[in-house]
Amino acid sequence: MAWPSSDRVVFPVGLLATLLVLVTVFYYPVGRVLLAAINPGGTPLAPIVEILADPFYLGVAHHVFADPMGVPAGVLTWLADGAPLSAVEFGLFGFTAYQAALSALASVALGLPGAYVLARFDFWGRQTLTSLTIVPFVLPSILVAVGFQAMFGRTGLFNDLLGVVGLGPIEVLYSLPAIVIAHAFYNAPLVTRFVTSAWEGIDAREIESARSMGATPIRAFRDVVLPQLRPALLSATLLAFVFSFMSFPIVLALGGLELQTVEVWLYAKVQSLDLEAAAALAVLESAISLAIMYIYLRYESGQIVSHTGGRSRSRRSLVAGWRTLSDPRRLAVLAYGCVAAVVFLGPILSLLIESVTGPEGAFTTAYYEFLLARQASTAVGTIAPLTAIRNSVLFALGTLATAVPMGVIVSLVATRSGRGSRLAETLLSAPIAVSGIVVGLGLLQTLVFGVEVLGHRLTVTGWIAVVAAHAVAAYPFVTRNVTPALAGIDDRLVETARSLGATRFRALLTVTLPLIVAPLVAGAAFAFAISIGEFDSTVLLAEGGASHTMPVALERYVGNRSIGPSLGPATAMGTVLLAVTAASFVVIDRVGGRYDG
Amino acid sequence: MGESTETGVELEDVSVSFGDVPALSDVTLSVAEGEFFTLVGPSGCGKTTTLRTIAGFETPASGTVRIGGRDVTGLPPEQRDVGIVFQNYALFPHMTVRENVAYSLQYRSAPGDTDSEERVAELLELVEVADLADRRPESLSGGQQQRVALARALAPGPDVLLLDEPLSALDARLREQLRLEVREIQRELGITTIYVTHDQAEALAISDRIGVVNDGRIEQIGTPEDVYRNPATRFVAAFVGENNVFDARVDGDNQSLTIDNERIDLPQSPPTRSDVTVCVRPEDIHLGSGEVTLSATVVHVEFLGDAYRVHCTWNGHSIRVRTQREPDGEDVTLGFDAADVTVIGAE
C-alpha cells in the first residue's frame, strides 16, 4: 500500500509510542523480575528449582523436582499403603489451582442459570440487568472483599439476621467457601454475559428446522443449542479460572492467615524483601496464567461464528399471571433470583448498612466522622481519605489519557490483516495475563529505584509509575471493546472516504472513529474503573508515598486493628469508593457509552 | 464539469495478485474520455479488482494505470480524482444525506465557482433526492441511498466515475429505471465512467463499449452489438446473451462445416482450421425447416410473456429456441439460416 506522507508518519509513530510505553512500563520491568529468577548471578534457574523442589509450594509433586529418580519408588510405596488420599499434599500451587477450579465451577453454577433467564425470558428490566452484568467486573476487588466481610463477618448482616431467629453466629469468613463465593461474585456475570450472547445469537430457524424434522424441544436443545453454547461456556470458564488463579485482594482480605494463594504469598515475599523468591514465584505464576490465556485465545479465535441475517427466538414472558406460581420452570427462576440477589446485592447492601450502623445496631455517622478526623490528623503514616480520593481520580484521568490511545492503536493493529499483525497483537495483549503484583514489583525495581540509560540515571516518581501500571492494566479493556466494532466497519466506507479525497489518517478521524464512539466510551469507562479499583500494583508502588489510592486506604482500614475490631471505618471508606466508582460510571454512561462489549 | 482536460483511463499489462493467487493477468484496456465502459463477467472474474486498481485500492504487481495520460500507478486513492459508488452504497451512517454529499468538499473545492452548499443542493437536485437532505442514510430506501451515493461520488467533479455493481442490490424494476437515469446523468456530465456488473443484459443495455472479463483476463472488448454478434471466444459466446454453442469441423472444400453429421454450407469462408466453435442464437432458430434443418426433441417449454423458450435435444446436444409459437408435440423440426451461424474459432 502506498501511503501519503502524513499517514506514513501518524500510524507508525502511534504504534511506536505504544510499544515504547509497553516496553518501558511492562516488558522491561517484568522482564527484569523474570530474569532475576532465571539467573540471579549464581546457578541458572536456581530460585525456580528451589521453589519447585519445596513441598510447601508444590506439595507431593515437589519430589519430581527434588528427587526425580525416587518418584517411581515413592508412588509404589504410596500404592502399597493403600493410596491414602489424606497423605497427598497439594502445596501452595496446588491449593491455588484447587480454589481457582472450585471458583470457576461456582461461577458456572451461578452464572449459567442467569444466562438462561436473560436469553429465554422477557421481563421488566431485562436490558438493565444485562447491562449490569458488567458491573461486578469493574468493582474494585478490595471493595467486594470488604462487602463480604460486612455481610458474613461475626458482626455482619448475615449473622445479625441469624441472631434474630435465634441461630448463629456462624463463621463463614476466612474459609475456602468465602473465597469461592467472592470469586463467583466476580466471574459468574462473565459466564452469564458470554453464554447469553451466544444463546441470543442462535438463529431461530435452526431450531425450527430441527423441530420440523422431528426433534422434540429437548432434542433440539441438545443438538442445536447446546453445541453453540459450549464454546462460550468454555471460554468463560477458562477466564474465570485464570482470574481466580491470580486473584489477590479477595484472598488477602477473606483468606485470613490460613488460606493463601501464590499471589498473596508473592506479595508477602515482596513485603519481606525476599525478592529472589518473589521473582521465582512470579515466573511460575505468569507461566501458568499465560499458558491458560494462550489456550483461551487460541480457542476463542477458533470459534468465531458469523451470524448473518439470523432471527433470534422470541422470549417467553417471565411473569404470567397466576400461572407464574404453578409453573416449576418459573418457580426455579424465582429461586435462582433469590440466590443471585443474596450473592450480588448482599455484600453491597451490607457494606452500605454497616457503614452507618453502630455496634448496638443503632444508626451512626461515627465512621464518616472518623474519616474526616483522619484527614485532619498529621500523624506519620496516616492515610488521609480525601487525598486518597483525589489521587484515585487523578490517576484514573491519567490512565484514561494513556490507555485509550494505546488501546485504539492495538485495535488498529489487530484488525489490520497482514503478516506480523497477529504476532503484534499477541505481544501487545500480554499484559492481561501478568499479575499486577509482578508489574508493580518490576516497576519498583526498575523505574522507581532508577535505571541507567545512556549514562543518565532515570528515576520515575511514584505517581507516574502508578499511572503507568494502571494504563498497562486498563488498555486491554479498551482494545477488547474497540476491536470488534472496528472489525465490523465496512472497509468500503473508508475506501469511499479516501476516493473522496481523505488521507488514511483523515478517514480514520472523520469516518472510523465516529463509528466506534460507543464502544470507545465503554472502553474508556472500563479503563477508568480499572484504574479506580486497581490494588495489586498500586499497593506496592504507593508504599509509604503520598500516592496511595482509595483501594489502598480501604485495605489499610481493614487491616488496621488499632482502630478497633469494627469494620465501620472500612465500610465507610468502601461506601465512598463505591460512590466514586458509580458516579464515574454514570458520568461516562451519560456521555454516550453503552456496555455491550 | 470545470475545464475538461483529457480524462481517459488506460491500463497497460496490469497484473494484480492476492498473496499467491493471481487476480488479474496482463489486463490492457483503454477507456476514452466521456465514454461509458462496462466490465462484465461472472463473480470472482476480476472485474471488481480492475475497478479497485483504477481507484487505487489495489496496487498492481506490474503494469501501469493512467488517468488522463498521467501515470497514477503509485498514487494513493485520495490523489486520483476518481469517484466510486459501491453496491452496498457505503454511505457514512453517522452523517446526514447532505453531510455525506458534502464530505469531499472539505478536501477538494467544488468545481466551477459554486460554494459547497450550492454544490450539494445542485447535486441532490440532479439525483432527485433534494427533499431528503437532512435524513440519515438508514431511513432511506435502497434506491434513494444509491442516488445519494452517486451524488456524493460526483460532488468533487471527479475525472472518472467508477460504479461497482451499483444496482445489484435493487429489485429488477427499480434497477432498470435507475440504470436509465445513471446513463442520462453520465451523458449530461460527459464524465468518463467505468461500470462493473455481472449482469450481461445490463451491460448490453447501458454501455458505449463492453469488456468481457473471465478468470482475470479480458476476453473481448467491443461495442455491445459487436460483442453480441461476433463473440471472440467461446466464453463470450456463452456468457453474453443466450446462445447455442457447438464444436464443428471445417470440411475439406473450405465452403462448409459439419456439426456431428449435419453439413452446413457457409456464406463466407470459415477460418482455415479444421476444428472450430460455432454458435447460433436461440432467436435465429425457428420451428420448421430452413437452410439448415434439424430434427430435435422437445424437453421443456417456458412461457416468457413475449415468447416461448423451447428446450430441445438434438444428437445429445441441448438447443434452446426462442419462438412466438408453442411447439405442437415432442418431435419438432428446427430451422435456421447458414448466415446466422457464427464461427468463433477453435480455442
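With the dipole of chain B worked out from charges on the C-beta (+1 for Lys and Arg, -1 for Asp and Glu) around the Cα centre, which of B:PHE303, B:THR28, B:ASN100 lies farthest toward the positive end? Going by the charge dipole, the pick is B:ASN100. The range A:392-416 and the range B:120-172 have Cα centres separated by 37 Å.
Which value, in Å to one decimal place, does the Kirkwood hydrodynamic radius take for the protein assembly as shown when every pair of different Cα atoms is included?
Mean inverse Cα-Cα distance, inverted, gives 33.8 Å.
So for each of A:404-413, B:55-64 I average, over its residues, the number of other beta carbons within 10 Å; can you give me the resulting order with the highest mean first? Don't jump to the answer; show the numbers that get you there.
Working: A:404-413: 23.4, B:55-64: 17.8.
Ranking the peptides A:404-413, B:55-64 by packing returns A:404-413, B:55-64.
Placing dummy labels 7 Å off each Cα toward the beta-carbon, the span from A:PHE221 to A:VAL164 is 3.6 nm. For the range B:9-234, with all protein chains in place and a probe radius of 1.4 Å, 43% of the accessible heavy-atom surface sits on carbon or sulfur. Taken across both chains, chains B and A shield about 2000 Å² of accessible surface from a 1.4 Å probe. Expressed in nm², what is the orientationally averaged projection area of the convex hull enclosing the Cα positions of the range B:244-343? Averaging across all directions leaves 5.9 nm² for the Cα convex hull. Shape of the range B:1-74 from the C-alpha gyration tensor: prolate (a/c of 1.5 or more and a/b above b/c, with a ≥ b ≥ c the square roots of its eigenvalues). Each peptide in B:276-283, A:518-525, A:329-336 receives the mean, over its residues, of other Cβ atoms within 10 Å, and ordering these scores from highest gives A:518-525, B:276-283, A:329-336. The length gained by stretching the chain between B:GLU302 and B:SER109 to full extension, at 0.36 nm per residue less their Cα-Cα distance, is 63.9 nm. Projected onto planes of every orientation and averaged, the convex hull of the alpha-carbon atoms in the range A:98-193 covers 7.2 nm². Under 18 Å from the 7 Å Cα→Cβ point of A:ASP491, by amide nitrogen: which residues of the range B:201-227? Label zone hits: B:216. Considering only B:PRO42, B:VAL82, B:THR192, whose Cα is most displaced toward the positive end of the charge dipole of the range B:9-234, charges sitting on Cβ of Lys, Arg (+1) and Asp, Glu (-1)? Of the listed residues, the answer is B:PRO42. Residue ranges B:189-196, B:24-31 sort as B:189-196, B:24-31 when ordered by packing (mean number of other C-beta atoms within 10 Å per residue, highest first). Inter-label distance, A:MET213 to A:TYR336: 2.8 nm, where each label sits 7 Å from its Cα along the C-beta direction.
For B:GLU125 and B:PHE18, what does the FRET efficiency come to when R0 = 51 Å and r is the distance between their Cβ atoms, rounded to the nearest 0.05? The pair B:GLU125/B:PHE18 has a calculated efficiency of 0.80. A simple spin-label model places pseudo-atoms 7 Å from Cα toward Cβ; at B:VAL245 and A:SER317 they are separated by 6.2 nm.
Here A:LEU105 and B:ASP26 are evaluated by their C-beta separation; at R0 = 60 Å the FRET efficiency comes out at 0.45. In plain terms, the chain from A:LEU386 to A:ALA268 could stretch by 39.7 nm, reckoned as 0.36 nm per residue minus the Cα-Cα distance. From the P(r) of the range B:6-144, could you give the percentage of C-alpha pairs in the tail past 28 Å? Tail of the P(r) past 28 Å holds 32 percent of the pairs. Only helical runs count toward this figure. For chain B, summing -39,500 (n - 2.57) over DSSP H runs of n ≥ 4 and dividing by all residues gives -6500 deg cm²/dmol at 222 nm. When restricted to Cα atoms, the range A:124-276 yields an Rg and a Dmax of 21.0, 68 Å, respectively.
Please give the FRET efficiency for A:ASP81 paired with A:VAL49, using the beta carbon to beta carbon distance and R0 = 41 Å, rounded to the nearest 0.05.
After rounding to 0.05, the efficiency reads 0.90.
First select every other residue whose beta carbon is under 10 angstrom from the beta carbon of B:ASP71; then total the charges, Lys and Arg +1, Asp and Glu -1. Around B:ASP71, the surrounding residues sum to 0.
Kindly list the residues of the range B:147-162 that lie in the label zone of B:GLU117, defined by a backbone N under 12 Å from the point 7 Å along the Cα-to-C-beta vector. In the range B:147-162, the label zone of B:GLU117 (backbone N under 12 Å from the point 7 Å along Cα→Cβ) covers no residue. Here the 3J(HN,Hα) profile of the range A:505-518, calculated from phi with Karplus coefficients 6.51, -1.76 and 1.60 at θ = phi - 60°, is 5, 5, 5, 4, 6, 8, 10, 5, 4, x, 7, 10, 4, 4 Hz, Gly and Pro shown as x. For the range B:244-343, with all protein chains in place and a probe radius of 1.4 Å, 40% of the accessible heavy-atom surface sits on carbon or sulfur.
The values are calculated or read from the model by the stated rules, or taken from the named source; none is laboratory data. Just so it is clear, the structure is predicted and the values come from calculations on it, not from any experiment. For neighbour counting, all protein chains shown are included, and Cβ atoms are generated from backbone atoms with ideal geometry for every residue, glycine included. Calculation scope for accessible area: heavy atoms of the full protein, side chains included, ligands and nucleic acids excluded. Shrake-Rupley method; radii C 1.70, N 1.55, O 1.52, S 1.80 Å.
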